[in-house]
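The structure appears below as structure tokens.
The values are calculated or read from the model by the stated rules, or taken from the named source; none is laboratory data. Bear in mind that the values here come from a model prediction, so they are computed numbers and not experimental data. Neighbour counts run over all protein chains shown; Cβ positions are idealised from the backbone, glycine included. In case anyone asks, the SASA skips ligands and DNA or RNA and just uses the protein heavy atoms, side chains included. Shrake-Rupley method; radii C 1.70, N 1.55, O 1.52, S 1.80 Å.
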4 protein chains.
Amino acid sequence: MNVMVDLCIVPIGVGVSLSPYVAACQKVLDEAGLKTSLHSYGTNIEGEWDAVFAAVRRCHEVVHGMGAPRITTTIKLGTRTDRVQTMEDKVRSVQEKMG
Amino acid sequence: MNVMVDLCIVPIGVGVSLSPYVAACQKVLDEAGLKTSLHSYGTNIEGEWDAVFAAVRRCHEVVHGMGAPRITTTIKLGTRTDRVQTMEDKVRSVQEKMG
Amino acid sequence: MNVMVDLCIVPIGVGVSLSPYVAACQKVLDEAGLKTSLHSYGTNIEGEWDAVFAAVRRCHEVVHGMGAPRITTTIKLGTRTDRVQTMEDKVRSVQEKMG
Amino acid sequence: MNVMVDLCIVPIGVGVSLSPYVAACQKVLDEAGLKTSLHSYGTNIEGEWDAVFAAVRRCHEVVHGMGAPRITTTIKLGTRTDRVQTMEDKVRSVQEKMG
């Protein structure tokens with residue numbers, strides 16, 4: 001089952017600068033061979049369900065390993081059986097409607 | 001790795017009444033032996049990472065199997081390495097501060 | 001317009017113990033006269049749109065005032081025009097389907 | 001108070017094609033003069049708190065007006081008092097750490 005995910009990982013107890021942790025997660029996702037797109041409040045990921053969630057788990061392990069005692073993560077995830085739709089398709093579909 | 005999750009599954013393309021789908025997901029979570037607590041905008045789940053996310057995947061499969069062509073799900077998930085904390089601990093901790 | 005909200009406020013840069021901040025927000029919501037229900041990963045709120053979001057803004061102001069330099073908040077919010085539905089209605093509706 | 005928001009509006013009860021509704025919301029945000037950036041699972045918005053949430057409310061009104069009887073929306077929102085940070089700053093900050 002293919003899934004589209006919006007992932008936002010927030011380490012707690014490590015101060016206010018979170019970008020080193022987000023960068024480490026980005027490397028985890030890249031190493032997992034997942035298609036990703038970083039935006040200002042998270043990372044969009046496209047891939048097979050088990051591969052995506054194994055990588056999300058690995059992100060938590062890596063961020064804890066960097067010293068974060070606590071993590072809160074917000075995920076939006078979409079699946080559909082009616083058609084195949086990529087991350088680019090979704091953006092294009094909205095833009096076309098805006099004329 | 002233990003995880004606390006807030007799960008909100010929204011089937012799309014099946015009309016406005018979503019409770020049959022939420023009830024089916026609740027059964028999936030129960031059958032997986034997970035500790036859960038239903039609230040007005042989701043379900044809190046506590047358990048081992050892989051067991052929890054296998055059940056979330058199963059929820060998506062079941063909801064698609066009930067006829068939903070598209071699903072969008074929102075998940076909040078927390079892990080911590082500094083201490084063990086149950087769902088009840090979290091609520092109690094806030095209530096104590098409120099005196 | 002009536003709205004149902006699930007609110008989860010996470011102060012960043014104040015260590016791992018977040019319950020004092022959640023308790024302070026609960027007091028803000030109570031003082032605003034809003035109907036709320038605390039759960040293990042947030043607070044459900046029911047009320048008129050402007051009153052709810054004025055209270056959410058006040059929560060951010062109070063949490064910053066307590067010393068948090070950064071806050072990340074996750075909100076789920078629902079509106080409907082087809083019927084009136086309370087927080088209790090939503091839970092009951094799912095429970096009835098579970099027989 | 002400045003706020004950064006990730007907004008994902010999901011109309012329920014209007015079938016599986018949601019892009020016309022997302023496009024209508026994008027127009028609302030543009031007309032409100034807000035800085036936005038569309039991605040594959042939402043729209044990032046940067047602006048003054050009251051202006052942003054007035055526009056989000058307007059989005060709900062417009063989507064209901066287009067015929068959606070029910071809407072569920074997921075919002076992530078961030079505020080900070082320690083520094084000014086734009087949407088571009090956040091992405092750049094992560095990219096710099098990735099070397």
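Things to note:
- Conditions (1) touching a strand residue (DSSP E or B) at 6+ places or on another chain (Cβ under 6 Å); (2) touching a residue at least 12 places away in the same chain (Cβ under 8 Å); (3) under 16 Å from B:LYS76 (Cβ atoms): number failed by C:LEU38: (1)
- Just one of the numbered conditions (1) hydrophobic (A, V, I, L, M, F, W, C); (2) in contact with a Lys or Arg (Cβ under 8 Å, 6 or more places away or on another chain); (3) more than 9 Å from chain B (Cβ to nearest Cβ) is not true of C:VAL22: (3).
- Considering region D:26-40, the residues that are open to solvent by 10 Å² or more (accessible area, probe 1.4 Å) and under 22 Å from C:ARG80 (Cα atoms) include one that is farthest from the other protein chains (Cβ to nearest Cβ), namely D:VAL28.
- Scanning region C:62-85 for residues that are open to solvent by 30 Å² or more (accessible area, probe 1.4 Å), within 8 Å of another protein chain (Cβ to nearest Cβ) and within 23 Å of B:LYS76 (Cβ to Cβ) yields C:ARG70, C:ARG80.
- Of residues in region B:86-99 being closer than 30 Å to A:GLY65 by Cβ and in contact with a strand residue (DSSP E or B) (Cβ under 8 Å, 6 or more places away or on another chain), the one farthest from the other protein chains (Cβ to nearest Cβ): B:THR86
- The requirement of being out of contact with any Lys or Arg (no Cβ under 6 Å at 6 or more places or on another chain), within 11 Å of chain A (Cβ to nearest Cβ), open to solvent by 50 Å² or more (accessible area, probe 1.4 Å) and free of Cβ contacts under 8 Å to residues at least 24 places away in the same chain is not satisfied by D:ASP50.
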